[in-house]
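The values are calculated or read from the model by the stated rules, or taken from the named source; none is laboratory data. Owing to the predicted nature of the structure, the values given are computational and were not obtained by experimental measurement. In this analysis, Cβ positions are derived from the backbone assuming ideal geometry, glycine residues included, and neighbour counts consider all displayed protein chains. These accessible areas exclude ligands, DNA and RNA; they are computed on the full protein's heavy atoms, side chains included. Shrake-Rupley method; radii C 1.70, N 1.55, O 1.52, S 1.80 Å.
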Amino acid sequence: MLGGRCSREDPNVDACLLRSFNSLAEYLKGGAPEFGIEEGEPIIIDELSIALGGGPDGYRATFKDIHATGASNMTITNVRSDLDSHQFQLTMWGPHISTRARYRSSGVLLLVRASGGGDYWGEYDGVKAKVYFRGEPYERDGRTYLRLKQLKLDFSVKDIKMGVENLHNGNAVLQAALNLFINTNAQELLKEMKPELKRDLGAKMSRFLNRILEKIPYDDWIID
């Protein structure tokens with residue numbers, strides 16, 4: 001195991017797993033062809049949409065080609081495991097994540113018709129994430145491996161700054177109104193984005209974890 005082995009009998013097995021997982025994460029950061037893992041940056045999300053307020057004039061926004069950087073600087077700060085049922089919960093923390101995207105919106109915002117498109121930017125400070133996953137053991141070539149059965153994740157952000165620029169219609173009043181609204185309601189907007197983000201990031205994380213679990217035998221990192 002790249003991060004070192006941990007004994008099931010060790011009363012501090014979670015502390016051992018924490019060191020192990022962090023050392024593996026560090027190794028994978030620049031990409032690892034032998035695991036079929038490309039460089040971790042940027043994370044790309046094709047599209048997500050939010051809706052605030054109902055009715056024909058409710059504000060709708062779509063973000064496309066979202067590029068996020070900084071996630072590879074996240075470290076695992078805590079591990080809780082239940083080795084009998086092959087369950088793991090990882091707490092992660094990252095100082096800063098930056099995002100850029102193409103943006104389109106429609107509807108009315110702060111009494112201004114907010115139809116238009118442009119570039120979105122977001123700076124997220126103090127990102128905390130929790131990843132829970134459960135595996136199922138199986139035998140292959142005389143070794144025990146884990147197959148991913150379930151994965152859930154959640155995250156929160158301490159401070160958010162975001163805005164739009166280069167609006168296609170070049171309306172300075174609209175751009176100022178949008179930026180005032182977006183920054184005043186940053187946490188609320190993140191809450192609206194969260195369900196889609198969690199789905200997309202969960203799927204990416206599952207693919208990433210599957211590749212690792214396929215390659216590293218479970219009996220290589222947990223020994224009796």
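Okay, here's what the table says:
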| item | result |
| --- | --- |
| Members of region 28-50 that are at pLDDT 85 or above and not β-branched (Val, Ile, Thr) | 42, 46, 47, 48, 49 |
| Selection count where residues are touching a residue at least 24 places away in the same chain (Cβ under 8 Å) and open to solvent by 60 Å² or more (accessible area, probe 1.4 Å), scope region 157-184 | 10 |
| Filter result (assigned to a helix (DSSP H, G or I) and farther than 19 Å from residue 100 by Cα) within region 165-183 | 172, 173, 174, 177 |
| Near pairs, Cβ below 7 angstrom, 6+ apart or cross-chain, from region 206-219 (assigned to a helix (DSSP H, G or I)) to any residue that is small (Gly, Ala, Ser) | 211/36; 213/135 |
| Residues of region 18-35 satisfying the condition of being in contact (Cβ under 8 Å) with a residue 12 or more places away in the chain and over 27 Å from residue 93 (Cβ atoms) | 34 |
| Unique match (being in contact with a strand residue (DSSP E or B) (Cβ under 9 Å, 6 or more places away or on another chain) and either loosely packed, with under 15 Cβ neighbours inside 10 Å or assigned to a loop (DSSP other than H, G, I, E, B) (or both)) among 44, 50 | 44 |
| Residue match in region 164-176 (condition: within 23 Å of the chain's Cα centre (by Cα) and either among the aromatic types (Phe, Trp, Tyr) or more than 19 Å from residue 82 (Cβ to Cβ) (or both)) | yes |
| Strands (runs of 3 or more DSSP E) completely within region 55-163 that count 3 or more residues being charged (D, E, K, R) | 59-69, 87-106, 116-140 |
| Number of the exception - residue 199 against (1) part of a strand (DSSP E or B); (2) under 25 Å from residue 91 (Cβ atoms) | (1) |
| Unique match (being modelled with pLDDT of 95 or more and touching a strand residue (DSSP E or B) at 6+ places or on another chain (Cβ under 6 Å)) among 164, 131 | 131 |
| Among (1) over 13 Å from residue 119 (Cβ atoms); (2) surrounded by fewer than 19 Cβ atoms within 10 Å (Cβ to Cβ); (3) out of contact with any Phe, Trp or Tyr (no Cβ under 6 Å at 6 or more places or on another chain), the one test that residue 102 misses | (1) |
| Test set (1) closer than 25 Å to residue 200 by Cα; (2) open to solvent by 80 Å² or more (accessible area, probe 1.4 Å); (3) more than 17 Å from the chain's Cα centre (by Cα) - residue 19 fails condition number | (1) |
